[in-house]
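Heads up: the structure comes next, in structure tokens.
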Amino acid sequence: VGMVESPNLPWWKAMEGFWLVPGGGLEGGDLSWSGHWDWTRDEKQRAMLLKARDRGASVFELFSNSPMWWMTRNKNPAGNDRKNCLDDNAAPRLHASYLATVAKKAATDHGIRFDSVEAMNEPSASWWSPSGTQEGCHLDRRAQALLLFELRRALDATPGLQQVRVSGSDENTYDEALESWEALQPASRQTVGQINVHGYQQMDGAADSSRAALYRAAAKANVPLWNSEYGEEDESGMSLAANLNQDLFLMHPTVWCYWQFLDETVGWGLLRFDPDSATVLGPPPGKLFVMAHYSRHIRPGMTMLRTSAPDVVAAYDHQSSKLVLVVTTYLARRTTRIDLSNFESGGNGPETGSNQGAGRLGGVGGGLWRSEP
């Protein structure tokens, strides 16, 4: 039985895998059997990873949109059509073993030591269809717990990977992320070393209360909280700024990631490109420069400080005793006055992404307050 391909999946969104020959059935099999591994595959993505490392990237997460095609029930890595795309479509032990093996290979051959591994991507979503436009795999809450357990076991059984965190569950919205976390039994939560969430809920529904609740859940469990994916089509960057500010104000992530730097769809990338010619199209949108106000100045390892409003973001660099402020006026002419009288350097807010992972997920000492004339 061969791989079933979605007719709507662009060639450049099909991920090349390394474990090419099935090493057991969906119900398990002999995981010690190495099968046929081809480590020359996915050359361009591996090259991109090494270039990022060489340019100073120091935080790495290995993540998967879908198991290898032969690890899925219908042999299709884009999704399953049973029960309106809500049928679980993965062999958890094989998938976990595969990811652990890839993480080990990256460390031994390339010196890339992954801080965390995320085995799923928006697993509760109902859109992972066999005719979808990208790879994906549905997993209900019970299946998520099983995969998290198998991944923790696979990492612990692999020399050198015992300290690698298991991330979960990269849900599409804050509401879903909170529901998935709360659905885990205490023993299952112990396997999770990092909570990941996507920011596509933006300002809808109970987004703000779920942002705050996710922060409380991560703080209680003493694990890092990442917004591991955010995106929308507003080229101006104002939607990006509004949601990034709200995330920092209420959710306090230690890492915040934009969807893709390059995207073929207008507005979704920080740059638009043509995948067939590998050419950047048009001038950079305003969104690129809005993002740069944050990423150029709020650097890894800085301490995020509490402010009185989300449109004032503050970060402190302990080594250089430098305070960074990013103030959003939303295209309006406005004067913002910052009161520093209560400021104490070296607060206890969460750090941005660093090798320490969780940073300081505690209370905040000191802060800044905004006032407007």
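The values are calculated or read from the model by the stated rules, or taken from the named source; none is laboratory data. Owing to the predicted nature of the structure, the values given are computational and were not obtained by experimental measurement. Using ideal geometry, Cβ is built from the backbone for each residue, glycine included, and neighbour counts are taken over all protein chains shown. Protein only, heavy atoms only, side chains kept; ligands, DNA and RNA dropped before computing areas. Shrake-Rupley method; radii C 1.70, N 1.55, O 1.52, S 1.80 Å.
General observations
- The label point for D317 and the one for L340, both projected 7 Å from the Cα toward the Cβ, are 1.5 nm apart.
- Most mobile listed residue (G136, G282, G269) in the chain, GNM with C-alpha springs under 10 Å: G282
- Just the protein heavy atoms count here, and of the accessible area of the chain at 1.4 Å, carbon and sulfur take up 51 percent.
- With R₀ set to 25 Å, the beta-carbon distance separating S126 from M48 gives a calculated FRET efficiency near 0.20.
- Remark: region 34-82 carries a charge dipole of roughly 60 debye about the Cα centre, counting +1 on each Lys and Arg Cβ and -1 on each Asp and Glu Cβ.
- Whether region 105-160 is rounded, prolate or oblate, judged on the alpha carbon gyration tensor where a/c under 1.5 counts as rounded: oblate
- Using only side-chain charges placed at the Cβ, +1 for Lys and Arg and -1 for Asp and Glu, the dipole size of region 85-125 relative to its Cα centre rounds to 300 debye.
- Cross-link pairs K13/K44; K44/K287; K13/K287; K51/K105 - those with Cα-Cα distance over 19 Å: K44/K287; K13/K287
- 13 Å beta-carbon shell around E16, net charge (K/R +1, D/E -1): 0
- Charge dipole of the chain (Cα centre as origin; +1 on each Lys and Arg Cβ, -1 on each Asp and Glu Cβ, all else neutral): 1060 debye, rounded to the nearest 20.
- Computed from the alpha carbon positions, the gyration tensor of region 90-231 leads to an equivalent ellipsoid with semi-axes of 25, 18, 14 Å, biggest first.
- Among A217, A315, S236 the positive-end extreme of the charge dipole of the chain (Cβ point charges): A315
- Between D204 and W39, the simple spin-label model (points 7 angstrom out along Cα→Cβ) gives 4.3 nm.
- Centre-to-centre separation between the Cα atoms of region 102-119 and those of region 303-340: 36 Å.
- Among Y330, Y174, Y98, the residue with the largest mean-square fluctuation in a Gaussian network model of the chain, with springs joining Cα atoms closer than 10 Å, is Y330.
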